[in-house]
Amino acid sequence: MAQATTPTPDSDRTRRCDVLVVGGGPAGATVATLLARQGRHVVLLEKAHHPRFHIGESLLPANVPLLERLGVRAQVEAIGMPKWGVEFCSPQHSHRSYLEFSQAWDKSMPMAWQVRRDAFDEILFRNAAASGAVAQEGCQVRSVVFDADGADVEAVLDDGATQRWRARFVIDASGRDTLLATANGWKQKNRRHNSAALFGHFRGAQRLEGRREGNISIFWFAHGWFWFIPLADGSTSVGAVCWPHYLKSRDKPLREFFADTIALSPALAERLRDATLIDDHVWATGNYSYSADRCAGDRFLMLGDAYAFIDPVFSSGVHLAMVSAFAGADVVATALDRPAAYPAARRHFERQMRHGPREFSWFIQRMTNPMMRELFMHPQNPLRMQEAVLSLLAGDIYGKTPIWGSLALFKAVYYIGSLFSLPRSWRAWRLRQQLIRDVGAVQGENVIAPAP
């Protein structure tokens, strides 16, 4: 077991720790748990207080083994709505497409859950504290200054008091605050998928029946796509991911604009015909997709959304965050215990961090293309292509499941089909290039705020 640095008394001006984790979401809480279990002195600082609002309520089947390793599966299951698959709804098709995770290559991960993120994130945060991490809420990190031996971290408490830490290693899990990437100019907007989102929670939404009740539904419409996520408390999360060009057209209050946007999808509007918006709140967030040009350094790692955020159409966010935390815990252990081996471990970590967003992004950037829509609305399984795609949708992209040959064939079918309908594909591509232009549709970056 690793030797933990003895913390200095509270009366000292600067406290010391082995690892300081910025952000108490899924990535930060997970890595803090794992490192604390190694016997290290870990400090986990969260700017808000749990439970706190967060969007991104849909987990993937590949999350389940990670939750089991953390020892929280039963707690998550108690708050979750079982999710067995996905429903795709297209205005160009008269039918619905239903895919289930049990049809994926690996049949051992047939389901996940939809969760209220305030409850889910609090479970992970409290688990970190129970595992031995110093988990502090209401403490926002303002600066991190690195030197050859570690980092000096300054944070501000809710009452305005300043807290200083000296850490051997820092982990940025600050989510869309992107603490290190923003401070150091490493952050880059994703120009190939520029979008923003409007969302709210409804009561009384019409759900699918039986086993499919908890499935996520994806509705395409002219300006992007909607998510429809049923939650265990009876509420339903509904959001629209839209092109900036469309949001720039808003000339009315956000709640009214959101209602008008929902009306553009008759199938979704029917599901919400008897539903009411909870607390009359609509939320908006801009600068939706981005990445940093690095995710690691001599004394730091960046996990989850602190490194990159991609369009949530495949619900990959929590999974990518937790996978990065499991990988990151091993890399930090190497950095602290075997520094000579750290450069190689860091390079492997960097490859893994790029892998997930890259694999999901190929599909995300083509989701509104007519050919991709055809493939999802008419799924077929020659040469196990459907099983491979469902494995990706389940998050099974880091293990030994041999999906890559079949995924390559699926991509080949997509390209060939696009060529056979070249005029339609060309028009769709040109339109998309126009719509994703950054026209200042949503003011502010990485801000999630309710409409007035």
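Things worth noting here:
- Stretchable slack from Asp149 to Asp280, in nm (0.36 nm times residue separation minus alpha-carbon distance): 42.1 nm
- Per residue, the convex hull around the alpha carbon atoms of the range 257-409 comes to 161 Å³.
- The rule of thumb for compact globular proteins, 2.2 N^0.38 Å, goes into the C-alpha radius of gyration of the range 354-396 1.18 times.
- Approximate spin-label separation Ala267-Ser108, in nm, with each point projected 7 Å along Cα-to-Cβ: 3.4 nm
- Cα-based shape type of the range 72-114, given that a ≥ b ≥ c are square roots of the gyration tensor eigenvalues and the cut on a/c is 1.5: oblate
- Kyte-Doolittle mean at least -1.0 and Cα axial length at least 15 Å: DSSP H helices in the chain: 26-37, 117-130, 317-337, 404-420
- When peptides 346-353, 377-384, 213-220 are sorted by average Cβ neighbour count within 10 Å, with the highest value leading, the order is 213-220, 346-353, 377-384.
- Distant-in-sequence amide H partners of Arg16 (H built 1.01 Å from N, under 5 Å): Thr8, Arg166
- The protection proxy used here, the mean number of other Cβ atoms lying within 10 Å of each residue, ranks peptides 234-240, 49-55 as follows, highest first: 234-240, 49-55.
- Restricting the calculation to Cα atoms, the chain shows an Rg/Rh of 0.97 when the hydrodynamic-style radius is the Kirkwood one.
- Euclidean distance between Cα centres, the range 274-339 to the range 78-133, Å: 17 Å
- Mean residue ellipticity at 222 nm, helices only, the chain: -10500 deg cm²/dmol; runs of at least 4 DSSP H residues each add -39,500 (n - 2.57), and the sum is divided by the number of residues.
- Taking every Cα-Cα distance in the range 359-424 and sorting them into 5 Å bins starting at zero, the pair-distance distribution P(r) comes out as 4, 17, 29, 28, 15, 6, 2, 0 percent.
- Sorted peptide list for 100-109, 147-156, criterion being average Cβ within 10 angstrom, highest first: 100-109, 147-156
- nm² value of the averaged projected area, convex hull over the Cα atoms of the range 100-203: 12.3 nm²
Laboratory data are not the source of any read-out in this text; all were calculated from the coordinates shown. Keep in mind that what you see is a predicted model, and the values were worked out from it rather than measured. Here the Cβ is made from the backbone with ideal geometry for all residues, glycine too, and neighbour counts use every protein chain on show.
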